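Below is one structure, written out as structure tokens; the observations come after it.
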Amino acid sequence: MARIAGVNIPTGKPVWIALRYIYGVGPKRARDICNSLKISDAKRVNQLTEGEVLKIREFIDQNYKVEGDLRRDVAMNIKRLMDLGCYRGLRHRKGLPVRGQRTHTNARTRKGPARPIAGKKIAVKK
């Protein structure tokens, strides 16, 4: 099992798909990594040599911010917004959608499960 950027990469998958298990590496970036290191799209992780795994690991470390560093930066950016007290920071603090989505209906992912309102009756059809 290959370990790149602190993540165990699945062995049976093609390299460009397996690289997407790393936080901060999406489809475009995974293809760019494979193309720049001249790794075939058809090649699977279990077919990689130790040298190729080492080249991938070094390439990612030198050129991209991934995993812990990226997570820390995102968390610090959100914390900075909350400390400033700007609108986006307040939305983060309250756990509401940040980018202008409606909240009258929907937004259940951000707001959590629906809580019943005291005294409100649901009409039952007979």
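Below are the figures for this structure:
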item	result
Amide H contacts of residue 4 (H built 1.01 Å from N, under 5 Å, at least 5 apart or other chain)	9
Residue order for 19, 90 - accessible surface, 1.4 angstrom probe, largest first	90, 19
FRET efficiency estimate (nearest 0.05) - Cβ-Cβ, residue 74 to residue 96, R0 25 angstrom	0.85
Rounded accessible area per residue of the chain, 1.4 Å, Å²	75
Accessible surface ranking that places the most exposed of 79, 125 first, with a 1.4 angstrom probe	125, 79
Lysine pairs meeting the criterion (Cα under 18 Å, 8 or more apart or interchain), as found in the chain	11
Within the chain, helix-based [θ] at 222 nm, where runs of 4 or more DSSP H residues each add -39,500 (n - 2.57), nearest 500	-13500 deg cm²/dmol
Cα centroid separation - the range 49-75 against the range 21-40, whole Å	11
The range 57-126 - percent of accessible surface contributed by carbon and sulfur, probe 1.4 Å	54
Residues with amide H under 5 Å from that of residue 43, placed H, sequence gap 5 or more	15
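The values are calculated or read from the model by the stated rules, or taken from the named source; none is laboratory data. All values derive from a computational prediction rather than experimental measurement. When we count neighbours, we look across all protein chains shown, and the Cβ atoms used for this are built from the backbone with ideal geometry, even at glycine. The protein model used for the area step is the full one, side chains on, heavy atoms only, and it has no ligands, DNA or RNA in it. Shrake-Rupley method; radii C 1.70, N 1.55, O 1.52, S 1.80 Å.
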